[in-house]
Amino acid sequence: MTHIKDITERPSKADIEALSKFSPATIHEAQGRRGALSSRLKPVDYRMKLCGPAFTVKCAPRDNIMLQLAINYAKPGDIIVVSAGEYEEAGSFGDVLANACLAKGIGGLVTDTGVRDTLQLRELGFPVFSLSVCIKGTVKETIAAVNDQIIVGGEIINPGDIVVGDADGLVVVRREEAQEVARLSQAREDAEAGYIAAYKQGKTVIEVSKLEPVLKAKGLIVAG
């Protein structure tokens, strides 16, 4: 078994840049309400954002040896995505490893376990999304796989899929769907800009959202 692999097919820089313009919420809606990771995964600072190819790694709970190997082999711009069994009671990543990531130009970390040193992580500005914050340390014992398909936050993530995150949460986009999802996301933003302009012109939400026939069909009664 090969434990350390590279991403076989990476998305283009143009595709990553195109998706980085949109929020995870917009992308999620635009691609048919698919790809949203569990809302339990949140950034350690609301200002943190990330967008890049998933560099996936499997870790045993309370064990970060494979995470350290992922940091060693990841390339600039990669988002390290860690599957560690949704184990909250471990601080598997902190300011020391964040500095290692920054030195390599890694684009961020997503993990379904805990992190620590959050004050320092905020000061460093390295984007970190985690399941929990926990001070408990980890061991370095169990060898697993880098860049296999994993499940994090209830979503399948393949190496090279594009992960986008902001204060509201995370979404994954299949590498081969990136261009179409960017197009659909732009169309959604254009439509929403039209809604806002209509509100400012005095139209009601019922008019803008064309709710009257829906409400009539459902038998809505408004008291006089």
How long, wide and thick is the stretch 113-224, going by the Cα atoms along their three principal axes, in whole angstroms, largest first?
69, 34, 30
Please sort 62-68, 35-41 by packing, taking for each peptide the average over its residues of neighbouring beta carbons within 10 angstrom, highest first.
62-68, 35-41
Put a dot 7 Å past each Cα toward the Cβ at Glu212 and Leu124; how far apart are the dots in nm?
5.8 nm
Förster-model FRET efficiency, 41 Å R0, Ser39 and Ala223, C-beta, rounded to 0.05:
0.65
Return the carbon/sulfur percentage of the accessible area of the stretch 13-182, one whole number, probe 1.4 Å, all protein chains in place.
49 percent
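For the chain, what is the calculated [θ] at 222 nm in deg cm²/dmol (nearest 500), taking -39500 (n - 2.57) for each run of four or more DSSP H residues and dividing by its residue count? Present the calculation step by step, with values, prior to reporting the outcome.
Values: 8 runs with 74 residues, N = 224.
Mean residue ellipticity, 222 nm, calculated: -9500 deg cm²/dmol.
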Only four residue types carry charge here, +1 at the Cβ of Lys and Arg and -1 at the Cβ of Asp and Glu. Report the dipole size of the stretch 1-78 about the Cα centre in Debye, rounded to the nearest 20.
220 debye
Please report Rg over Rh for the chain, where both radii come from the alpha carbon positions and Rh follows the Kirkwood definition.
1.08
Find how many whole Å separate the alpha carbon centroid of the stretch 84-153 from the alpha carbon centroid of the stretch 34-60.
10 Å
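Using a Förster distance of 30 Å, how high is the FRET efficiency between Ile151 and Gln68, based on the Cβ-Cβ distance and rounded to 0.05? Don't jump to the answer; show the numbers that get you there.
On the way: r = 22 Å, r/R0 = 0.72.
Calculated value: 0.90.
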Regression test value, accessible area per residue of the stretch 13-182, probe 1.4 Å, units Å², expected 42 Å²
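For the chain, return all DSSP H helices satisfying: extent of Cα atoms along own axis at least 24 Å; mean Kyte-Doolittle hydropathy at least 1.0.
Values: long enough: 178-200 (33 Å, -0.55).
Passing helices, by number: none.
The values are calculated or read from the model by the stated rules, or taken from the named source; none is laboratory data. Keep in mind it's a predicted model, so treat the numbers as computed, not measured. Note that we place each Cβ from the backbone using ideal geometry, even for glycine, and neighbour counts take in every protein chain shown. Side chains included, ligands, DNA and RNA excluded: accessible areas come from the protein's heavy atoms. Shrake-Rupley method; radii C 1.70, N 1.55, O 1.52, S 1.80 Å.
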